[in-house]
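All remarks here apply to the structure that follows.
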Amino acid sequence: MQTITPGVPGDHPNDPSVAGTLPSAAAPEVRSASRTAGWRKIVKGFVLVLILVSLAGFCSHILGLPMPGLAGPAKNEKTDKEEKDPPPTLGVALVKGRPHTVEVPENVRAVLGIRKGQQDLLVVAQQPTTMRPLVLSGSTALDPIRLARIRARFAPARVVEISRRHDFSHKTGRSEFRELRSGDRVAKGEVLGIFYSVDVGSKKNDLLDALTQLQLDQKVLDNAEKHREAVPDVFMITAERAVQTDRNQVDRALHNLEAWDIPQDEIDALREEAKKQAADQNAWKKTREGTWVTGGKVSGPDKIDPDKNAENPWGRVTLRAPFDGIIVERNVSVDEMVVDQTVNLFQIADVNRLLVIANAPEDQLPILEALHEGERRWTVRTVGAETAEGLPGTIDEIGYLIDPNQHTAIIKGYVDNPGQRLRAGQYVAATVPIPPPAGVVEIPVDALVDDGQQSLVFVQTDATKPQYTMRRVQVTHRFDQKVFVRSTPIPKEEQLTAREAEEGLLPKEALQPGDRVLQSGAGELKAALLDLESQPDEGPQDATR
């Protein structure tokens, strides 16, 4: 009887369960294919796991989510380690009995830069001597006080001549005479132009008639007084009345000519003409009018004066410069008839001094108004100024009205113009020195520690000890290299508000002149002081550990 051993079908070649299914020679190939398929499944599963782990790590990194088994050491473990081993602090110590005061050894002062060259970097708070000046923008203008508007005080009048100058001509390449024009300099009394006016001629004739009549009536009165006993009283009274009337006529005609600004030399010429006519009875015949009356014939040895025949002196009027200056405007030409007395024929300006018009912001006006009369000065810088420091001047007027668009006020003053290099209308920058305010002291900006809530300084109260007290101060002005700190007593309600007290801020204290303020290392000492004061009191407050 044959014994059958239990096993896997196909393990025995004579197994009837596989008989007739596969040949006996194909069994090894089947087993090899089955093993290869198994290994492929294992590799595919391993690759899939790697992809999933990589994807999970990427998502954890992007989203910031911790993954179990991949996170680092716990945060509380790191915090506990830091608490057990705190970082070392500066080798400074609190001074008992003195709040907010630290004592700094010499080696620490050297490291922090407090001590250099065997000397501590301390600055003494003192009253400021200078302050940032106020710079105003503006422009120059002609001085209205020294601006002459030459107008015709008589109309109508005809322009017969404009004064001429000898100048180089670019057209012909040689020197020629030309008429006066804008930009020419004129001297006081120089003739600007010559006019002929019927009204002026009439007024001159009135004066000449009055002078001639006065001479005749005065001669009659003098002769009557010589023969007083033979002349009736009525005749004497009439002669005296005629002389007095002639004098009044002379005064009236003279005043009219002076009111029309007729030059004095032309008025004097009328007096001389009246004397000639009184002395020479045939003087009138030599004039153009006298020659016309006589029909162009002169009896006797008299001859016609060519000058009298060439011009009419009575209607001739000259316009002259009232002072030395520059012609800034000319509005008249030869043969023009002037009929409007309000037209400026010439404008002459004295440019030895110019007006400066500056614009001051409205928030700066209280500073300018607080200046005393002797302090209202400025320095003007512009093109043409000889010195780099500018030209000194004075502030004479602070405008009351505010420009609603620019919110500025007009500030006016004057500045000398040496060499007449400056011109009206130039842009200027006027610098006004401002005296420092009272009740403040000056310290370097490096000595101040400002954290946005309070401004702190370290003060050395005893010059023999390296001990520094932290104080909160009130800053009034800030500049590039220095700050102004209040030195007057601060009211109690302004020292510390309720909100500042809740935040643990210090009360404000005044910094007195003469206080020794630490200039370097203030920020590091503040951090060390706050660290020491935050630690529990366990004996000597020494941070050298």
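Any read-out appearing in this document is the output of simple, stated calculations on the displayed coordinates, not a laboratory observation. On a predicted model such as this, the values are computed, not experimentally measured, just so you know. Using ideal geometry, Cβ is built from the backbone for each residue, glycine included, and neighbour counts are taken over all protein chains shown.
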### Query
What spacing in nm lies between the two simple spin-label points modelled at residue 534 and residue 480, each 7 Å away from Cα in the Cβ direction?
3.7 nm
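Expected output is a single nm value to one decimal: the length gained when fully extending between residue 244 and residue 324, i.e. 0.36 nm times separation in residues minus the C-alpha distance. What is it? Let's see the in-between values first.
Details: separation 80, 0.36 × 80 = 28.80 nm, distance 4.15 nm.
Answer, rounded to one decimal: 24.7 nm.
Nearest 0.05, what FRET efficiency do residue 251 and residue 174 give at R0 = 56 Å with Cβ-Cβ as r? The partial results should precede the final answer.
Values: r = 52 Å, r/R0 = 0.94.
Efficiency computed from Cβ-Cβ geometry: 0.60.
Using R₀ = 60 Å, calculate the FRET efficiency as 1/(1 + (r/R₀)^6) where r is the Cβ-Cβ separation of residue 230 and residue 341; round to 0.05. All intermediate terms of the calculation are to be shown ahead of the outcome.
Working: r = 55 Å, r/R0 = 0.91.
Efficiency computed from Cβ-Cβ geometry: 0.65.
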### Task
Tell me which residues come under 5 Å, amide H to amide H, from residue 414 once H is placed; ignore anything under 5 positions away on its chain.
356, 394, 396
## Note on the structure
Here, residue 331 and residue 48, labelled 7 Å along Cα→Cβ, have an inter-label distance in nm of 10.5 nm
### When each of 188/275; 492/526; 465/526; 96/465; 226/276 is checked by Cα-Cα distance, pairs over 23 Å
188/275; 492/526; 226/276
### Query
Taking K and R as +1 and D and E as -1, what net charge do the other residues with C-beta under 10 Å from the C-beta of residue 342 add up to?
+1
### Task
Quickly rank 454-466, 398-410 as a protection proxy: mean count of other C-beta atoms within 10 Å, highest first.
454-466, 398-410
### Message
If I stretch the segment between residue 118 and residue 266 completely, what's the gain in nm (0.36 nm per residue apart, minus their alpha carbon distance), one decimal?
### Response
44.3 nm
### Task
Rounding to the nearest 20 debye, state how big the charge dipole of segment 356-425 is about its Cα centre with +1 on each Lys and Arg Cβ and -1 on each Asp and Glu Cβ.
340 debye
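Would you tally the net charge around residue 167, using a Cβ to Cβ cut-off of less than 11 Å, leaving residue 167 out, and scoring K and R as +1, D and E as -1? Show your work: numbers first, answer last.
On the way: positive: 164, 165, 174, 178, 181; negative: 176, 179, 184.
That sum, taken over residues with Cβ under 11 Å, equals +2.
Kindly rank 259-267, 317-325 from highest to lowest mean number of other beta carbons found within 10 Å of each residue.
Working: 259-267: 14.2, 317-325: 18.6.
Listed from highest to lowest mean packing, they are 317-325, 259-267.
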